[in-house]
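Report on the following structure.
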Amino acid sequence: MSNKHKPNEETRLIHSDYVPPQGFVGLSTPVHHASTVVFGSAHAYRARREHIHEGYVYGLTGTPTTLALAQRIADLEGGYRAVLTPSGLSAITLVLLACLKQGDHVLVADNVYIPTRDFCMKLLTDLGVETTFYDPLIGQDIAALMRENTRLIWAESPGSITMEVQDIPSIAQIAHARGALVAIDNTWSAGLYFKPFARGCDISVQAVTKYIGGHADLMLGAATASNETLYRRIRDTASMLGLGAAPDDCFLALRGLPTLTTRLRQHQTSALAVATWLKQRPEIKKILHPAFTDCPGHNIWRRDFSGASGLFSVILQDKYSETAVDRMLDSLRYFKIGASWGGPVSLALPLDPHQVRTATPWREVGQLLRFSIGLEDPADLIADLEEGLARL
Ligand SMILES: *Cc1c(COP(=O)(O)O)cnc(C)c1O
């Protein structure tokens, strides 16, 4: 097209002279939206596949906003590079699909996030992948469950309902000796309090929805790999599945990062205060919080973790019925009833592990309550619980 021709208004509204400003420096990462990514030449476009893992190719594979967040999460986890997905669950299923194929066997912790279990039981089974659930406290005895075709061990530590802390270094040692990979759902630690790659994991997944997002207003997932080969396998699978992350959501997650340590410190302090108070209450039988000795794997938490977040469970005395527990939960003022966790508002949920455990049947009779301790004044939360327990 000749540069002498002056475009009409319709065209001018589409082709602006905007170039990203050179001299402007703000403190936040700008939001770059794109489906089309413009190439400098036809030749560069022809060669795009060679650059799919480095440069910008298409909106779905990343804009400067999404790739900046991916790298910052990979750095937080202590891994090589990360792939972002539209939710934590899609990061989990992405990793399972990238690592497993027909005829393979996967070992999955029995305390795993329930949708992870469902995916293994239904979709992976249909695809010809066999799942064995294992006792999360199994440690090096996992060797006995390894088969010729075991390609992956999936861990979640602590398990997000029953809170068992897993001996990841022992599991990783066995897995690697047999040529299998270890992937972990590291959402509870937010990547701050547990460094999965330093403990032998090959892949770490986080629901960015939870603590990194931190405000209960976005959905996002991240899968971080330990090395280039694994990263490419996950990246390529994400491309085939058409998974990407929205720049606006990534902006919100990037905005969560500078306050992550401060927020988590407060979640930790407040959760410890609430759990310590609950521990001396006669209505409570057990505190399932990794920092408490009641919690299975407490010693491993002390060895491998540098802190605790705000999510924990309790088991009530056997005598309280479901109806009584529901009445108590309904009466709480600051604790809201709803899924997810990691936000500023405290949450309380009744959860029933009896319905899901298979390798390690849940033998507790008392009702299990899970708390996500938010950023309210812990004294108010305790007062709220004190009134609630009185109604039991
Ligand atoms: C919430 C959660 C997920 C899934 O995250 P979404 O973003 O809600 O899909 C995965 N793992 C654990 C442990 C979770 O609690």
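In the chain, a dipole from Cβ-located charges (positive for Lys and Arg, negative for Asp and Glu) runs towards its positive end, and of A359, A223, G307 it is A223 whose Cα lies farthest in that direction.
For L288, the amide hydrogen comes within under 5 Å of the amide hydrogens of S313, V314, I315, counting only partners 5 or more places away or on other chains and with H modelled in the peptide plane. Considering only A275, A172, T209, the residue lying farthest towards the positive end of the dipole of the stretch 167-295 is A275, judged by Cα position with unit charges set on Cβ. Per-residue Karplus couplings for the stretch 63-77, computed as 6.51 cos²θ - 1.76 cosθ + 1.60 with θ equal to phi - 60°, are listed in order as 10, x, 5, 6, 6, 5, 5, 4, 5, 5, 5, 4, 5, 4, 6 Hz, Gly and Pro entered as x. Would you work out what percent of the accessible area of the stretch 1-135, with all protein chains in place, is carbon or sulfur (probe 1.4 Å)? So the carbon and sulfur contribution to the accessible surface is 56 percent. Kirkwood hydrodynamic radius of the chain, from the reciprocal of the average inverse Cα-Cα distance over all distinct pairs: 22.5 Å. Diffusion coefficient of the stretch 42-257 by Stokes-Einstein, Kirkwood radius over Cα pairs, 37 °C, 0.692 mPa s: 190 µm²/s. A 1.4 Å probe run over the protein chains yields, for the stretch 42-257, 38 Å² of accessible area per residue, whole-number rounding. Of all the options Q280, Q173, Q206, the one that moves most in a Gaussian network model of the chain with Cα springs shorter than 10 angstrom is Q280.
Quick one: Cα centre-to-centre distance for the stretch 112-143 and the stretch 163-195, in angstrom? With the stretch 112-143 and the stretch 163-195 each reduced to a Cα centre, they are spaced 15 Å.
Exposed loop sites are taken as GluC sites (Glu not before Pro) in a DSSP loop (any state but H, G, I, E or B) with at most 12 other beta carbon atoms within 10 Å; the longest stretch of the chain without one runs 149-392. Given a 1.4 Å probe and the protein chains as shown, T360 ends up with an accessible area of around 30 Å².
Shown for the stretch 171-211: the carbon plus sulfur share of the solvent-accessible area, taken with all protein chains present and a 1.4 angstrom probe, equals 49%. By how many degrees, 0 to 90 and rounded to 10, does the Cα axis of helix 228-241 deviate from the longest principal axis of the chain? Tilt relative to the chain: about 80 degrees.
Under the convention that each Lys and Arg Cβ holds +1 and each Asp and Glu Cβ holds -1, the size of the dipole of the chain around its Cα centre is about 760 debye. When the stretch 1-100 is described by a simple charge dipole with +1 on each Lys and Arg Cβ and -1 on each Asp and Glu Cβ, the residue from A68, I14, L89 located farthest towards its positive end is I14.
Charges were assigned to the Cβ only: +1 to each Lys and Arg, -1 to each Asp and Glu. The resulting dipole of the stretch 219-349 about its Cα centre is roughly 380 debye.
Exposed loop sites are taken as trypsin sites (Lys or Arg not before Pro) in a DSSP loop (any state but H, G, I, E or B) with at most 13 other beta carbon atoms within 10 Å; the longest stretch of the chain without one runs 148-318.
Considering only Cα-Cα distances, which of the following residue pairs are longer than 18 Å: K279/K336; K210/K336; K195/K279; K101/K210? K279/K336; K195/K279; K101/K210, as the Cα separations exceed 18 Å there.
Once the Cα atoms are used to define both axes, helix 88-99 deviates from the longest principal axis of the chain by about 80 degrees.
Remark: the R147-V25 segment gains 38.4 nm on full extension, using 0.36 nm per residue and subtracting the alpha carbon distance.
The values are calculated or read from the model by the stated rules, or taken from the named source; none is laboratory data. None of the values given here were measured: they were computed from a predicted structure. Positions of Cβ are generated from backbone atoms using ideal geometry, with glycine treated the same way; all protein chains shown enter the neighbour counts. All accessible areas refer to the heavy atoms of the entire protein, side chains included, with ligands and DNA or RNA removed. Shrake-Rupley method; radii C 1.70, N 1.55, O 1.52, S 1.80 Å.
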